Amino acid sequence: MSHRLYIITGKGGVGKTSLSLSLAKKLAESGSKVLYNSFDQEDQTELCEELNIPSLHLELEKSAEIYMGKKLGSEMVASWIMKTPFFKSLFNMIPGLGHMILLGHVIDLLEDDPTLTIILDSPSSGHAMTMFESSHNFKEIFGSGLLVEDINRMHRFIYAENSLKNYIVSLPTKMALNESKEVKEHLQDLNFRNTEVIINDCLSPLLSSKEELPDFLKIKNQLETAVIEEYKEVATKKVPHSLGEDFQSVILDLSKKDIGELL
């Protein structure tokens, strides 16, 4: 059964963005209502327009302004508050607060439109864990009040059955998979049970070609095969990453592969 929100995370450079965009492309072509969200990372709006992928880019300060505007009943007052040095520095002083507000904004959109699915291209796994931890930490710190009420609403959504799916993308190396395993276990400790590790299999396109591979690639393949076997209980899925002349062709090719099972 498909989910409402997919969060794709992992270390930098493992293929989170290409996988997120290809999943959004797959959903869009199937006729589903979907948005790709780059969270607080680089704005991919131009690329999404080229690939015909519906997208939404949220700015941290703008999301915070919208959030405070709803609570105060005045967008003007919220805009003025956000311009003060104190509130600008607040997001740097309290780890996870800004990301939690952004996640709340995403959940608002999903609750407003029950037909919508969002593919969230998350920051690195460390930031993702901080985001999820923050909601629990703030709830314990404040105990009650408007912020806690909002956190409870967020939790009702993300912990509901089939609402949220977390994918941790990893390269097929021991260090990367060990880190991914730790992230998965930590998220499961926070009761995010619907979390899986995906191996980004970069060698597949080369191995499928009929050309003779150089010795160093043969050795690399042997090493990766051994690691994948060793961590088969950690990483249950493997995605053959595409090779292309540019980023657009990689995403288009990946969206045509058998990645529908991830949805």
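The values are calculated or read from the model by the stated rules, or taken from the named source; none is laboratory data. Predicted, not measured: the structure shown is a model, and the values here were computed from it. All Cβ positions, even for glycine, are placed from backbone atoms using ideal geometry, and neighbour counts span all protein chains on display. We work out accessible area using only protein heavy atoms, side chains counted, and drop any ligands, DNA or RNA first. Shrake-Rupley method; radii C 1.70, N 1.55, O 1.52, S 1.80 Å.
Using only the alpha-carbon atoms, how far is helix 125-142 inclined from the longest principal axis of the chain? Give it as 0 to 90 degrees, nearest 10.
30 degrees
Keeping every protein chain present and rolling a 1.4 Å probe, give me the accessible area per residue for the range 21-126 in Å². Don't jump to the answer; show the numbers that get you there.
On the way: 5180 Å² over 106 residues.
Each residue of the range 21-126 exposes 49 Å² on average to a 1.4 Å probe.
Given the options I198, I94, I53, state which has the largest fluctuation in a GNM of the chain using a 10 Å cut-off (strictly under) for Cα springs.
Greatest mean-square fluctuation among the candidates belongs to I94.
Which longest run of the chain has no exposed loop site in it, a site being trypsin sites (Lys or Arg not before Pro) in a DSSP loop with at most 13 other beta carbons within 10 Å, and the site itself not part of the run? Present the calculation step by step, with values, prior to reporting the outcome.
Numbers: sites that count: K83, R193, K210, K232.
Between exposed loop sites, the widest span is 84-192.
Per DSSP H run of n ≥ 4, the term is -39500 (n - 2.57); total these for the chain, divide by its residue number, and report the mean residue ellipticity at 222 nm rounded to 500 deg cm²/dmol.
-17000 deg cm²/dmol, from helical runs alone.
In the range 114-175, carbon and sulfur make up what percent of the accessible area (probe 1.4 Å)? Display every interim value, and only then the final one.
On the way: 1550 of 2710 Å².
With neighbouring chains kept in place, the figure for the range 114-175 is 57 percent.
Restricting to the chain, compute how many DSSP beta bridges are antiparallel as a %, nearest 5.
Working: 0 of 27 bridges.
So the antiparallel bridges in the chain amount to around 0 percent.
Assuming 0.36 nm per residue, please report the length gained on full extension of the stretch N162 to L146 beyond their Cα-Cα distance.
Details: separation 16, 0.36 × 16 = 5.76 nm, distance 2.65 nm.
Net length gain for the segment: 3.1 nm.
Looking at the range 136-191, which chymotrypsin sites (Phe, Trp or Tyr not before Pro) are in a loop (DSSP not H, G, I, E or B) and have at most 15 other Cβ atoms within 10 Å?
The qualifying sites are Y159.
Given DSSP loops and a limit of at most 13 other Cβ atoms within 10 Å, what is the longest stretch of the chain that contains no such GluC sites (Glu not before Pro)?
Numbers: sites that count: E42, E59, E161, E211, E212, E233, E245.
It works out to 60-160.
For the chain, find the longest principal axis of its Cα atoms and tell me its angle to the long axis of helix 247-256, 0 to 90°, nearest 10.
80 degrees
Looking only at L203, L217, L60, which one moves most when the chain is put into a Gaussian network model with springs between Cα atoms under 10 Å?
L217
Mind jotting down the distance between the C-alpha centroids of the range 124-180 and the range 1-48, whole Å?
Result: 18 Å between the Cα centres.
Between I101, I228, I66, where does the largest GNM mean-square fluctuation fall for the chain, given springs only between Cα atoms within less than 10 Å?
Of I101, I228, I66, the Gaussian network model singles out I66 as fluctuating most.
Considering only protein heavy atoms and a 1.4 Å probe, what is the carbon-and-sulfur percentage of the accessible area of the range 38-87?
On the way: 1820 of 3190 Å².
Carbon and sulfur atoms account for 57 percent of the accessible area of the range 38-87.
So if each residue of separation counts as 0.36 nm, and I subtract the Cα-Cα distance between S89 and M175, what length gain in nm does that give?
Details: separation 86, 0.36 × 86 = 30.96 nm, distance 3.47 nm.
So the chain would gain 27.5 nm between S89 and M175.
Holding the Cα-Cα limit at 29 Å, pick out from K139/K237; K70/K181; K26/K71; K62/K165 the pairs that are longer than that.
Values: K139/K237 34 Å; K70/K181 39 Å; K26/K71 37 Å; K62/K165 26 Å.
K139/K237; K70/K181; K26/K71, as the Cα separations exceed 29 Å there.
Average the reciprocal distances over every distinct pair of alpha-carbons in the chain, invert the result, and give the Kirkwood radius in Å.
19.7 Å
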